1. Dipole size in debye (nearest 20) for segment 31-129 around its Cα centre, Lys and Arg Cβ +1, Asp and Glu Cβ -1?
2. Return the subset of LYS99/LYS223; LYS76/LYS99; LYS134/LYS199 for which the Cα-Cα distance in this structure is over 30 Å, preserving the input order.
3. Given the alpha-carbon gyration tensor of segment 31-129, what are the semi-axes of its equivalent ellipsoid in whole angstrom, ordered largest first, with each equal to the square root of 5 times an eigenvalue?
4. Along the Cα-to-C-beta direction of GLU63, a point sits 7 Å from the Cα; which residues of segment 86-112 have their amide N less than 18 Å from that point?
Amino acid sequence: MKYLYTPLFLLVLSVVFISTAIGQVASSRNTILLTWQAKTYTPRTYVGKALPTTGSNISFSLEVFSNGQLAPLGNKVVRWYEQGKLIKSGIGLQSFDTKINVLPGNDFKVRVEIPDFPGGAISKTISLRVVSPKIVIEAPFPNLQTAPKDFSVKAVPYFFSIFTENSLTYQWLVNGSAISGSGDPQALSVSTQNIAQSKTQLFSFRVTAQNPNQYIDKGVGEKSVRIRTSVE
């Protein structure tokens, strides 16, 4: 009877050993959560993430999960690197504020490192694509719709290094000609009184918005609208 139970005992022992080994591997995993927030302007109706532009401020925040639990970092050395260069180092530095110093179309890289984390040093790098500021021209109707005698379009800025949209200066072109706006510099009024009945006319709008406090903080928007003055 002793020999009959031995294989079963060995099988159970092997299963326990394998399960223990898997548990040890899983418990040794650390997850670094590195989040960021670009300080660029977006309209209230925008539900996406504000994107970084050249010269904009940006904040990073660090959390580490070990064995599924939030790890305390108050007594750990944290090092922050920007474009491969050590920028800031200290005890418990879980946040990092900086300014984007690369041109649009390039990547801005930030790496965080904790050299004295239990079990060995850990680090994480994120790379953000820097974008140009954007201007969206909003029209009150889609193409080929009957327009009132006067209608207006509006320039809506995205991803500028500003707090309010009226901090920008605007320059408008309509069908290639400069137009001076009146009142609200973001809006442009257009009259259709000179369009013959049952005729259509193409309006091509182009607007340039500039942050007067930062020369590179500049965006351009374009939109074409074909107006029909009566319904056939």
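Rule-based calculations on the coordinates, nothing more; no lab input. From a predicted model like this one, the values you see are computed outputs, not experimental measurements. Cβ: placed from backbone, ideal geometry, glycine included. Neighbour counts: every protein chain shown.
1. For this selection, approximately 260 debye.
2. On the way: LYS99/LYS223 32 Å; LYS76/LYS99 25 Å; LYS134/LYS199 33 Å.
Among LYS99/LYS223; LYS76/LYS99; LYS134/LYS199, the Cα-Cα distance tops 30 Å for LYS99/LYS223; LYS134/LYS199.
3. Values: eigenvalues 140, 50, 24 Å².
They are 26, 16, 11 Å, listed largest first.
4. 92-96, 112
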